[in-house]
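Here's the structure we're looking at; comments come further down.
The values are calculated or read from the model by the stated rules, or taken from the named source; none is laboratory data. All values reported here derive from a predicted model rather than from experimental measurement. In this analysis, Cβ positions are derived from the backbone assuming ideal geometry, glycine residues included, and neighbour counts consider all displayed protein chains.
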Amino acid sequence: MMRGGMNNMQGMMNKMKKMQKEMQAAQAQLQEMTFEGSASNDLVTVKISGEKEVLQVKVDPDILDPEDAEMIGDLIMIATNEALAKVDEATEQTMGKYTQGFNIPGF
């Protein structure tokens with residue numbers, strides 16, 4: 001009976017190591033992805049990496065009016081938050097299968 005318990009433990013350890021490698025690969029894949037958020041029909045777009053680093057901000061020249069600087073700032077904020085939400089959503093979808101049932105902060 002002791003022998004069977006050791007085999008089960010070894011099998012469980014092997015499964016955990018495999019799952020850990022899969023999680024690391026999935027995280028690396030997410031970090032390489034690019035996410036885009038936009039505001040007001042793409043007048044402002046923001047691209048961010050899976051690591052939540054802003055890569056690009058595009059502002060349609062038609063809305064560049066010095067008197068509207070506050071509005072442009074608001075649109076950039078909206079587009080950035082949308083892109084960040086997409087990173088979180090993709091992370092949850094990808095990593096959720098590994099963290100389901102565990103109370104792991106950040107997932």
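Observations, loosely collected:
- Near pairs, Cβ below 8 angstrom, 6+ apart or cross-chain, from the range 23-37 (among the aliphatic types (A, V, I, L, M)) to any residue that is outside any helix (DSSP H, G or I) and surrounded by 15 or more Cβ atoms within 10 Å (Cβ to Cβ): L30/G50; M33/S49; M33/G50
- Annotation: E70 fulfils all but one of (1) closer than 16 Å to V87 by Cβ; (2) without any contact (Cβ under 8 Å) to a residue 24 or more places away in the chain; the unmet one is (1).
- Residues being surrounded by 13 or more Cβ atoms within 10 Å (Cβ to Cβ) and touching a helix residue (DSSP H, G or I) at 6+ places or on another chain (Cβ under 8 Å) - total across the range 37-70: 17
- Search result, residues across the range 71-88 that are loosely packed, with under 14 Cβ neighbours inside 10 Å and polar (S, T, N, Q): N81
- Cβ-Cβ contacts under 7 Å between residues 6 or more apart (or on different chains), taken from a first residue in the range 38-54 that is closer than 27 Å to A28 by Cβ to a second residue that is β-branched (V, I, T) and surrounded by fewer than 18 Cβ atoms within 10 Å (Cβ to Cβ), are listed as V46/V54; V46/V57; K47/T34; I48/V54; S49/T34.
- Test for T34: is it surrounded by 14 or more Cβ atoms within 10 Å (Cβ to Cβ) and among the β-branched types (V, I, T): no
- When residues in the range 41-80 are screened for being at positive phi and at pLDDT 90 or above, 2 of them pass.
- Selection of the range 21-58 for residues being under 22 Å from V87 (Cβ atoms) and part of a helix (DSSP H, G or I) yields E22, M23, Q24, A25, A26, Q27, A28, Q29, L30, Q31, E32.
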